[in-house]
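Below: the structure, in structure tokens.
The values are calculated or read from the model by the stated rules, or taken from the named source; none is laboratory data. In this text, all values refer to a predicted model and were calculated from it rather than measured experimentally. Cβ placement follows ideal geometry from the backbone for every residue including glycine, while neighbour counts extend to all protein chains displayed.
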Amino acid sequence: MHELSLATHVVEIVSEHLRQAGGGRVAAVTLRLGQLSCVHKDALEYSFALVCEGTPLAGAELRIVMVPVVIFCPTCGNEVELPSLQRFACPVCGTRTADIRQGRELDIESVELLEPSS
């Protein structure tokens, strides 16, 4: 299950940035996850909760923004979103293409910190 190693890496990256910023605790982490990333969303959420324990991210919410697949159609000259992953062809003209412009992401989009208690 590579989601466990991915979740571990996300926690390490966020923890390192917290250390460099002088500490703090995390309320939420938002990830952009492309449909072609080969990452199972449920397994990533489960793994994230496990690896956060004992870190500044303990109890943090994992928010996942799914990113659709966008291809470039050489015939139309436009970037278009695929309605399905079954056929990599322009939904407008039918031209087949493998020019993927979006959909493989696995990016940390944002980190929400908890306010320090007074």
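Tabulated data for the structure shown
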item: From A43, A27, A60, residue being in contact (Cβ under 8 Å) with a residue 24 or more places away in the chain and touching a Cys at 6+ places or on another chain (Cβ under 7 Å); result: A60
item: Options V39, V29: the member that is closer than 15 Å to L6 by Cα and part of a loop (DSSP other than H, G, I, E, B); result: V39
item: Complete set of residues in the range 66-99 that are farther than 24 Å from L44 by Cα and assigned to a strand (DSSP E or B); result: I71, F72, C73, N78, E79, V80, E81, A89, R96
item: Given (1) part of a strand (DSSP E or B); (2) surrounded by 16 or more Cβ atoms within 10 Å (Cβ to Cβ), index of the condition V11 fails; result: (1)
item: Flag for A60 being surrounded by 15 or more Cβ atoms within 10 Å (Cβ to Cβ), closer than 25 Å to E115 by Cα and in the same structural domain as L113 (by TED's automatic domain parsing); result: yes
item: Hits in the range 50-65 - residues which are assigned to a strand (DSSP E or B) and among the hydrophobic types (A, V, I, L, M, F, W, C); result: L62, I64, V65
item: Filtered residues of the range 39-76 (kept if among the small types (G, A, S) and within 21 Å of H17 (Cβ to Cβ)); result: S47, A49, G54, A58, G59, A60
